[in-house]
Amino acid sequence: MEAFRPYTGIRVLDLTHNLGRYATRLFGDLGAEVIRVEPPEGLPDRRQAEQPGRNSPDYAFGFFNASKRSVVLDLAAERGRATFAAMAKDAHIVFLERGAPLADEIAWVRAQNPQAVVTIVSPYGLGGPWEQAAASDLVLQAAGGIAWMTGREGEPPLRLPVDQSVMITSVYAAVATAMCLFDAETGGTGHVVDVSAQECIAHSLQNALQVWDLERRISHRAGEGTRDASEDIYACKDGQVFLASPPTLGISWKQILAWMAETGHPSLEEFGKERWLDRRWRQTAEAKALFRPLFEAFIGRYTRDELLAEALKRKVVMAPVARIADVLGDRQLAYRKYFIQMDDPRFERPVQFPGAPYKLSEPVWAATPAPALGDRG
């Protein structure tokens, strides 16, 4: 017997092309009928993915637009608008995004079905001074504050990789839309949901906003200055590992010293000194500068796999830093059967496709390939 999928019977009209396209996919993976409403030339992300001269397939397009269908409508023409209006009457959710059709016609969209949830996703939200300001993933990470919080103390801010503004904005947009859908279904009243990417990012800065509210201090990258000398990423024989072994964290530090003693490594001469048991001294710049070369001299003889095996055996808090190429062969992901094989007609052979981003008791998640332009499924 097939498991019930939470959004079976829900229709979503999707006019997103960047910040909101993962949000709509999340509904499609859980059973909703998600229809990309595209102009004859396709939405901007499709035009970018299919532009002449691309040397490789746009895997991002396939990821963000899985579990959807596609309908071509010329919304600048009367016939196209009439068709959209008819589709909207049966829709439960309409997703709009700045830079795509109908983003400036929220009132008209809502008038077609007042009981629906209309979600508009944009870089800075509606009505503010930056409403029409230019944006990119780098700009949004900086405007939202996550770039300021990322990187090493005393060094420039860093942009997190892989368009994190898209991911976090879509997650927030999906959650807010799901809540409003529940209210619309129980109360019969639709909603307009205004999602600002900048606000979503700012809301994800751990306790940085609370530090300002309560203490009027601006949080800095590298935390509040309490990081132990051992907490960092270190080079080994074939890559990097992450370590976190302050003396206050269980037996991890003692086990590192015992390991060095077993192997007779000269780094033990320094690390065995009394000052390495002083929590405050270990947080100083002097301790951090001293720790790295000594510890990397010790682990430089080992591979990541060897270090992981030793860390598990000795209860040392250390783990390998994965490279992109390592992910498909990751044993934990393989054990969880995370990747699925997808027969996407855009590619010459089946691809390993990321599976569900959550683990539920019932098999309610499923994904299908991203649609071709006008592919109604």
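The values are calculated or read from the model by the stated rules, or taken from the named source; none is laboratory data. All figures in this text were calculated on a predicted structure; none of them were measured in a lab. All Cβ positions, glycine included, derive from the backbone under ideal geometry; neighbour counts span all protein chains shown. Please note that ligands, DNA and RNA were not included when accessible areas were found on the heavy atoms of the full protein model with its side chains. Shrake-Rupley method; radii C 1.70, N 1.55, O 1.52, S 1.80 Å.
Checking the structure you have, find out if any residue of segment 79-92 is among the aliphatic types (A, V, I, L, M) and on the phi > 0 side of the Ramachandran plot.
Just the residues of segment 79-92 that are among the aliphatic types (A, V, I, L, M), to begin with: 82, 85-88, 91.
Remaining after also requiring on the phi > 0 side of the Ramachandran plot: none.
No, every residue in segment 79-92 fails to be among the aliphatic types (A, V, I, L, M) and on the phi > 0 side of the Ramachandran plot.
The conditions of being assigned to a loop (DSSP other than H, G, I, E, B), surrounded by fewer than 18 Cβ atoms within 10 Å (Cβ to Cβ) and in contact (Cβ under 8 Å) with a residue 40 or more places away in the chain are met by PRO114. In a residue-by-residue description of segment 72-90, the property of being closer than 21 Å to GLY188 by Cβ, in a loop (DSSP other than H, G, I, E, B) and either β-branched (Val, Ile, Thr) or out of contact with any His (no Cβ under 9 Å at 6 or more places or on another chain) (or both) applies to at least one position. GLY355 passes all but one of (1) of a type outside the set (A, V, I, L, M); (2) touching a Lys or Arg at 6+ places or on another chain (Cβ under 9 Å); (3) assigned to a strand (DSSP E or B); which number fails? In the conditions (1) of a type outside the set (A, V, I, L, M); (2) touching a Lys or Arg at 6+ places or on another chain (Cβ under 9 Å); (3) assigned to a strand (DSSP E or B), GLY355 misses (3) alone.
Total residues in segment 317-336 satisfying the condition of being modelled with pLDDT of 90 or more and open to solvent by 100 Å² or more (accessible area, probe 1.4 Å): the figure is 1. In segment 185-213, the residues that are exposed (fewer than 15 other Cβ atoms within 10 Å of the Cβ) reach residues that are outside any helix (DSSP H, G or I) and of a type in the set (A, V, I, L, M) with C-beta atoms within less than 9 angstrom, at least six apart or across chains, in these pairs: GLN206/MET149; TRP212/ILE218. Is there any pair with a first residue in segment 324-341 that is under 23 Å from GLN240 (Cα atoms) and a second that is open to solvent by 60 Å² or more (accessible area, probe 1.4 Å) and assigned to a strand (DSSP E or B) whose Cβ atoms are under 6 Å apart and which are 6 or more apart or on different chains, and what are they? Filtered contacts from segment 324-341: LEU328/GLN352.
Going residue by residue through segment 327-340, is there one that turns out to be over 32 Å from the mean Cα position of the chain (by Cα) and among the acidic types (Asp, Glu)? So far as segment 327-340 goes, no, none of its residues is over 32 Å from the mean Cα position of the chain (by Cα) and among the acidic types (Asp, Glu).
Got a sec? Which of ALA258, ALA287, ALA297 is out of contact with any His (no Cβ under 6 Å at 6 or more places or on another chain), surrounded by 15 or more Cβ atoms within 10 Å (Cβ to Cβ), small (Gly, Ala, Ser) and part of a helix (DSSP H, G or I)? Give the steps one after another, and end with the answer.
Numbers: ALA258 fails: surrounded by 15 or more Cβ atoms within 10 Å (Cβ to Cβ); ALA297 fails: surrounded by 15 or more Cβ atoms within 10 Å (Cβ to Cβ).
Matching residue, one of ALA258, ALA287, ALA297: ALA287.
Here segment 168-206 is the region considered, the condition is being hydroxyl-bearing (Ser, Thr, Tyr) and part of a helix (DSSP H, G or I), and the residue that is modelled with the lowest pLDDT is THR186. Can we say ARG11 is open to solvent by less than 60 Å² (accessible area, probe 1.4 Å), among the charged types (D, E, K, R) and in contact (Cβ under 8 Å) with a residue 24 or more places away in the chain? So ARG11 passes the test.
Based on what the data block shows, is ALA229 under 30 Å from PRO293 (Cα atoms) and either in contact with a His (Cβ under 6 Å, 6 or more places away or on another chain) or of a type in the set (A, V, I, L, M, F, W, C) (or both)? Give the derivation first.
Numbers: under 30 Å from PRO293 (Cα atoms): yes; either in contact with a His (Cβ under 6 Å, 6 or more places away or on another chain) or of a type in the set (A, V, I, L, M, F, W, C) (or both): yes.
Spelling it out, ALA229 is indeed under 30 Å from PRO293 (Cα atoms) and either in contact with a His (Cβ under 6 Å, 6 or more places away or on another chain) or of a type in the set (A, V, I, L, M, F, W, C) (or both).
Every listed requirement among (1) farther than 18 Å from THR368 by Cβ; (2) without any contact (Cβ under 8 Å) to a residue 12 or more places away in the chain; (3) buried (at least 17 other Cβ atoms within 10 Å of the Cβ) is met by HIS17 save one, (2). Being surrounded by 13 or more Cβ atoms within 10 Å (Cβ to Cβ), of a type in the set (D, E, K, R) and touching a strand residue (DSSP E or B) at 6+ places or on another chain (Cβ under 8 Å) holds for only one residue in ARG314, ARG346, ARG304, and it is ARG304. With respect to being touching a Ser or Thr at 6+ places or on another chain (Cβ under 6 Å), touching a residue at least 12 places away in the same chain (Cβ under 8 Å) and either open to solvent by less than 70 Å² (accessible area, probe 1.4 Å) or aromatic (Phe, Trp, Tyr) (or both), PRO371 fits the description.
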